[in-house]
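Asks: Below is one structure. I have some questions about it.
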Amino acid sequence: MRSETVEMMCNPYKGEPFIWLDNQLVGAASGQVFQIREGIPVILAPEGTQGRNRSSKLLHDWIAFSYDAIVSLGDKIQLNSELRVRQQYVAKLDLKPGDKVLETAAGTASNLFHLPEQIEYFGLDISFQMLKYARKKARRADRQVEVIQADAAHIPFRNESFDLVLQMGGLQFMEDPFKSVNEMARVALPGTTIHIIDEVGGAMRTLSRLPAHQKYSQDKETAVEGIKRLAPQSMLNITSQIIENTDFYALSFQKPAPSG
């Protein structure tokens, strides 16, 4: 982990900067301590590992060693369409050399290899084992990454830190999807577009467990339209669409730039 990364980070539970002491990140005011495990900061409080978050963490830790192989096989026999999504959508995101990119629910960082080499990539996930594989893949490809274990509803970075914020395939697994989406907007720079990609069926499942939004979960078309309701109301250019020839949708919205 680089000192520059620690300077970008904050304690998401207290809103304070970190002090880096040996293998720990310590809240500057509260003294709350988070461990750095095998070079990966673990920024998780008990409230971040409850409910669906806990189930997702256990599942993805367990399948991490075989996750890429399963996805690759699914692509080959056309059981899933993740590779097409990356080729058709992720690879076409508007990025410039030196841009800072945060991917929440990064998993094994497969999206990294469809993004330009000149960017700074930060991957966040609740599964420690998935992040270990992400870092190993990046090292084999001679790509620089910073990975952090955290809950997407408590992103451990300062406000307005990233030129692009991306998530693929994670929203349906999150305990608090509204807070996770708001956190993505918080850490984006003004004018930045946030991109959330997930399975269309995942949109239906996400909306079905939100009491005020269950009526939007009845069919795929309604769910893809209804998922726009997760974007903060202050955002601009809120759109959602099914990615052509895939079983995924993309929700995108732009963080307003300061007026004047």
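The values are calculated or read from the model by the stated rules, or taken from the named source; none is laboratory data. What you see is a predicted model, and the numbers here were worked out from it, not measured in a lab. For neighbour counting, all protein chains shown are included, and Cβ atoms are generated from backbone atoms with ideal geometry for every residue, glycine included. Note: areas computed on protein heavy atoms with side chains; ligands, DNA, RNA excluded. Shrake-Rupley method; radii C 1.70, N 1.55, O 1.52, S 1.80 Å.
Asks: Need one number: nm distance between label points at Lys136 and Asn182, each 7 Å from Cα along Cα→Cβ, rounded to one decimal.
Replies: 3.8
Asks: What does the helix-only formula give at 222 nm for the chain: each DSSP H stretch with n ≥ 4 adding -39500 (n - 2.57), the total divided by the residues, and the result rounded to the nearest 500 deg cm²/dmol?
Replies: Details: 7 runs with 79 residues, N = 260.
Here the helix-only value at 222 nm equals -9500 deg cm²/dmol.
Asks: Kindly list the residues of segment 89-103 that lie in the label zone of Gln241, defined by a backbone N under 12 Å from the point 7 Å along the Cα-to-C-beta vector.
Replies: Counting only backbone N, you get 89.
Asks: Using Rg/Rh (Cα atoms, Kirkwood Rh) as the read-out, say which of [x] 1.10; [y] 1.00; [z] 0.94 was calculated from these coordinates.
Replies: Correct label, based on the coordinates given: [z].
Asks: Apply 1/(1 + (r/R0)^6) to the Cβ-Cβ distance of Arg54 and Lys14, taking R0 = 22 Å, and write down the FRET efficiency to the nearest 0.05.
Replies: On the way: r = 22 Å, r/R0 = 1.00.
My answer for the efficiency is 0.50.
Asks: Ser259 to Asp61: extension gain in nm, 0.36 nm per residue of separation minus the Cα-Cα distance?
Replies: That pair, Ser259 and Asp61, stretches by 66.9 nm at full extension.
Asks: Looking at the chain, which longest stretch skips every one of the GluC sites (Glu not before Pro) that is in a DSSP loop with at most 11 other Cβ atoms within 10 Å, leaving the sites themselves out? Intermediate results must be reported in sequence, preceding the final value.
Replies: Values: sites that count: Glu38, Glu244.
Between the exposed loop sites, the longest stretch runs 39-243.
Asks: Antiparallel DSSP bridges in the chain: what percent, to the nearest 5?
Replies: 50
Asks: For the chain, set up a Gaussian network in which alpha carbons nearer than 10 Å are linked by springs, and say which option among Arg52, Arg84, Arg139 fluctuates the most.
Replies: Arg139
Asks: Follow-up. Put a dot 7 Å past each Cα toward the Cβ at Arg2 and Gln118; how far apart are the dots in nm?
Replies: 1.6
Asks: Taking the Cα-to-Cβ direction at Lys96 and at Asp219 and moving 7 Å from each Cα, how far apart do the two end points lie in nm?
Replies: 4.4
Asks: Still on this structure, please answer the following. What percent does the relative contact order of segment 170-218 come to when contacts are Cα pairs within less than 8 Å and at least six residues apart?
Replies: The value is 35 percent.
Asks: Let me ask something else. Which of the listed residues, Ser161, Tyr13, Asn245, is farthest toward the dipole's positive end in the chain, when Lys, Arg count +1 and Asp, Glu count -1 at the beta-carbon?
Replies: Working it through, the farthest residue towards the positive pole turns out to be Asn245.
Asks: Kindly write out, for segment 216-229 in residue order, the coupling ³J(HN,Hα) from the Karplus curve 6.51 cos²θ - 1.76 cosθ + 1.60 (θ = phi - 60°), rounded to whole Hz, with x marking Gly and Pro.
Replies: Per residue, the Karplus-derived 3J(HN,Hα) values read 8, 9, 6, 8, 5, 5, 5, 5, 5, 6, x, 5, 4, 5 Hz.
Asks: Please enumerate, by chain and number, the aspartates and glutamates with C-alpha under 19 Å from the C-alpha of Lys220, excluding those fewer than 8 residues away in the same chain.
Replies: Of all the aspartates and glutamates, those that pass the test against Lys220 - Cα under 19 Å, at least 8 places apart if same chain - are Glu82, Asp198, Glu199, Glu244, Asp247.
Asks: Here is a further query. Which aspartates and glutamates have a Cα less than 15 Å from the Cα of Lys14, not counting those fewer than 8 places away in the same chain?
Replies: Glu47, Asp151, Glu183
Asks: Return one whole number: the accessible area per residue of the chain in Å², for a 1.4 Å probe.
Replies: Accessible surface, normalised per residue, equals 47 Å².
Asks: Got the relative contact order for segment 18-117 handy, in percent, Cα pairs under 8 Å and 6 or more residues apart?
Replies: 13 percent.
Asks: Additional query: With springs only between Cα atoms under 10 Å, which of Gln172, Gln218, Gln241 fluctuates most in a Gaussian network model of the chain?
Replies: Looking only at Gln172, Gln218, Gln241, the biggest GNM fluctuation is shown by Gln218.
Asks: Something else: I'd like the carbon and sulfur percentage of the solvent accessible area for segment 115-260, probe radius 1.4 Å, heavy atoms only, ligands and nucleic acids excluded.
Replies: Working: 2840 of 6270 Å².
It is 45 percent, rounded to a whole number.
Asks: Could you work out how much longer the chain between Asp68 and Arg37 gets when fully extended? Use 0.36 nm per residue separation minus the Cα distance between them, nm to one decimal. Mind dumping the intermediate values first?
Replies: On the way: separation 31, 0.36 × 31 = 11.16 nm, distance 2.30 nm.
Gain on stretching Asp68 to Arg37: 8.9 nm.
Asks: Select from Met130, Met235, Met184 the residue whose mean-square fluctuation is largest in a Gaussian network model of the chain (Cα-Cα springs shorter than 10 Å).
Replies: Per the Cα network of the chain with a 10 Å cutoff, Met235 tops the list.
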